[in-house]
Amino acid sequence: MSRLVVVSNRVGPIDDAKRAGGLAIALVEALKTSGGVWFGWTGEVTPEPDTRLKLESAGPLTLATVDLSADDYEDYYNGFANSSLWPLFHFRTGLVQYDRQNFEGYERVNASFAKTLMPLLQQDDLIWVHDYHFLLFAEELRKLGCTRPIGHFLHIPFPPRELLTTLPHHEQLVKALFAFDILGFQTEHDRDRFFDYVRMEVGGSVLGDKARCFGRTVTARHFPIGIDAATFKEFATSDEGQKQFTSMRDMLRGRKQIIGVDRLDYTKGLPERFNAFERLLEDYPEKRGEVSLLQVAPPSRSEVTEYQDLRADLEGMAGHVNGRFAEFNWTPIRYLNRSFARQALAGLYRASHVGLVTPLRDGMNLVAKEYVAAQDADDPGVLVLSRFAGAAKQLTDAVIVNPYDVQGMADALAQALDMPLDERRQRHQALLKNISEEDIDHWRTTFIAALGSVENAGITGGSIHADRPDRNGNVA
Ligand code: GDG
């Protein structure tokens, strides 16, 4: 059997139950079962470059990590990854910083990480690279002579061609993607946006799930990521889950609760969500004193200015709504900038009557799936979900909203709060079926099967010139 080598920006720790962040959580769950090597950044920053590898055993897994230098941390991590690619891939061109030095840092880290990993690789390895931090990784490994199958999974959306081309290095990035054998996207829409770029921008061709350009052929498919639904369900009724459930329900004293759980990130639509809750209280006065919003938002990327601004804005907004509507025995918005252990979180989801998940754009959104898994099937809460989360393509039995439409969200909240038990049960049953079938195991095994069936990994085939349009726009 092949050994799995996973590459992602952050690695483990595998036992930190309080860790927020979809990629880390998904990978911990996926790797627990498969074993193998997990390679990436330690999370530590050193003043000078230090490429020494740290190896650590964790059950069936070997964690292989390196530090980042202060310059790499600024240019690659805070810079190109989180201030260029993250906003751009979430369609937020207005927030994108273009900086050559940052891009050089990104190239530098992709190259040096590939160089550090190369000696660890064995004959039968399957290499699975994750997310927007490492778009150049396969190209770097190929330069070093790696001929193993290499796959990439993009956890965030793939942007439309018109937006991607605002990035000066767009073609270099997409060309590097052709050094992978398999490209995985969250949804078919993301995959199709990639195909659109290949066809329209660089004159490649697409047939079925294969794209050909730059003298290479790559297979591109959607692999919607899931959660460990069975385990998360158990969390909700674990001792800790039950404890949180009971104390929350005691505190609510028959009132209803809407819950939001998100890393504090501008893609998650938090200001719009607070506005919608305020509109609910304005337009549905009978809900005043009867329903509250619990927003859990652990801080994230707090060295990036936009994240600091968002935090300040949300504090102001929560204070405004509370100042306007609170009673001495009722606080409309409880806004918590902290993280909870996963069992506790499951209990809080179960105690909440509505799960409000309204990102402006999201690759998948695991919170939506966790909320469903944590519900009591006999008396389930209602998921209100943004149409712009990848999860909306699967979770069609949620109440689907447009997060830009504050009034629409307020109305959807009222509908969810008043939904009859029968309808709640029906919707929940369908949602639970989906998240249980297309769970984390399904994601992992389908991706690895695709990677395992790659033949001629990394071999150049075809000709870039044959794929490019000629002067008259004709493609050979
Ligand atoms: C990226 C993509 C894609 C949140 N607060 C706490 C906590 N969390 C956990 C949640 C969930 C995870 O963090 C967040 O996952 P999401 O999927 O919602 O979002 P991103 O972090 O942006 O993840 C996303 C994902 O990758 C996977 O591919 O779905 O689209 O952006 O698991 O529960 N966990 C704990 N305490 C908290 O307070 N323990």
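The values are calculated or read from the model by the stated rules, or taken from the named source; none is laboratory data. In this text the structure is predicted, and so the values were computed from the model without any measurement. As a convention, Cβ positions derive from the backbone with ideal geometry for all residues, glycine included, and neighbour counts pool all protein chains shown. Protein only, heavy atoms only, side chains kept; ligands, DNA and RNA dropped before computing areas. Shrake-Rupley method; radii C 1.70, N 1.55, O 1.52, S 1.80 Å.
Are there helices (runs of 4 or more DSSP H) fully within the range 113-228 with at least 2 residues that are within 16 Å of the ligand (Cβ to nearest atom), buried (at least 19 other Cβ atoms within 10 Å of the Cβ) and in contact (Cβ under 8 Å) with a residue 24 or more places away in the chain? List them.
188-200
For the range 296-303, indicate whether the set of residues that are β-branched (Val, Ile, Thr) and either more than 23 Å from ASN365 (Cα to Cα) or not assigned by TED's automatic domain parsing to the domain that holds ALA351 (or both) is non-empty.
The answer is no; no qualifying residue exists.
Yes or no, residue by residue, for (1) modelled with pLDDT of 85 or more; (2) buried (at least 22 other Cβ atoms within 10 Å of the Cβ); (3) within 14 Å of the ligand (Cβ to nearest atom):
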residue: ARG3; (1), (2), (3): yes, no, no
residue: ASP15; (1), (2), (3): no, no, yes
residue: PHE39; (1), (2), (3): yes, yes, no
residue: GLU56; (1), (2), (3): yes, no, no
residue: SER69; (1), (2), (3): yes, no, no
residue: PHE89; (1), (2), (3): yes, yes, yes
residue: TYR98; (1), (2), (3): yes, no, no
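So which residues in the range 19-70 are under 20 Å from TYR132 (Cβ atoms) and assigned to a loop (DSSP other than H, G, I, E, B)?
ARG19, ALA20, GLY21
Within the bounds of the range 232-242, is there any residue that is of a type in the set (A, V, I, L, M, F, W, C), modelled with pLDDT of 95 or more and away from the ligand (no atom under 16 Å from the Cβ)?
Looking through the range 232-242, none of the residues is of a type in the set (A, V, I, L, M, F, W, C), modelled with pLDDT of 95 or more and away from the ligand (no atom under 16 Å from the Cβ).
Could you tell me which residue of the range 439-456 is nearest to LEU31 (Cα to Cα), considering only residues that are outside any helix (DSSP H, G or I) and open to solvent by less than 60 Å² (accessible area, probe 1.4 Å)?
Residue satisfying both the conditions and the ranking: ASP439.
Identify, please: which residue in the range 246-268 is in a helix (DSSP H, G or I) and within 16 Å of the ligand (Cβ to nearest atom) and is, among those, least open to solvent (accessible area, probe 1.4 Å)?
Once the filter is applied, the top-ranked residue is THR267.
Among the residues that make up the range 311-321, is at least one of them in the same structural domain as SER292 (by TED's automatic domain parsing), touching an Asp or Glu at 6+ places or on another chain (Cβ under 7 Å) and away from the ligand (no atom under 16 Å from the Cβ)?
yes
Report yes if some residue within the range 142-165 is acidic (Asp, Glu) and over 25 Å from LYS268 (Cα atoms); otherwise report no.
no
Take ARG387 and tell me if it is under 22 Å from GLU290 (Cα atoms), among the basic types (Lys, Arg) and modelled with pLDDT of 95 or more.
In short, no.
I'd like to check something: does the range 351-366 contain any residue that is within 11 Å of the ligand (Cβ to nearest atom), outside any loop (DSSP other than H, G, I, E, B), in contact with a helix residue (DSSP H, G or I) (Cβ under 6 Å, 6 or more places away or on another chain) and small (Gly, Ala, Ser)?
no
Given (1) within 14 Å of the ligand (Cβ to nearest atom); (2) free of Cβ contacts under 8 Å to residues at least 60 places away in the same chain; (3) not in a strand (DSSP E or B), where does ARG334 come up short, assuming only one miss?
Condition (3) is where ARG334 drops out.
Restricting attention to the range 269-300, and to residues there that are part of a helix (DSSP H, G or I) and within 16 Å of the ligand (Cβ to nearest atom), which single residue is nearest to the chain's Cα centre (by Cα)?
Looking at the filtered set, the residue picked out is LEU270.
Identify, please: which residue in the range 288-339 is open to solvent by 30 Å² or more (accessible area, probe 1.4 Å) and of a type in the set (A, V, I, L, M, F, W, C) and is, among those, farthest from GLN415 (Cα to Cα)?
ALA312
Could you go through the range 4-25 and let me know if any residue there is among the hydroxyl-bearing types (Ser, Thr, Tyr) and more than 29 Å from ASP125 (Cα to Cα).
The answer is no; no qualifying residue exists.
Can you tell me which of SER112, SER57, SER84 is in the same structural domain as ILE150 (by TED's automatic domain parsing), closer than 28 Å to ALA30 by Cα and in contact with a helix residue (DSSP H, G or I) (Cβ under 9 Å, 6 or more places away or on another chain)?
Only one candidate passes the filter, namely SER112.
Test of understanding: among ALA373, ALA377, which residue is in contact (Cβ under 8 Å) with a residue 24 or more places away in the chain and open to solvent by less than 10 Å² (accessible area, probe 1.4 Å)?
Among ALA373, ALA377, only ALA373 is in contact (Cβ under 8 Å) with a residue 24 or more places away in the chain and open to solvent by less than 10 Å² (accessible area, probe 1.4 Å).
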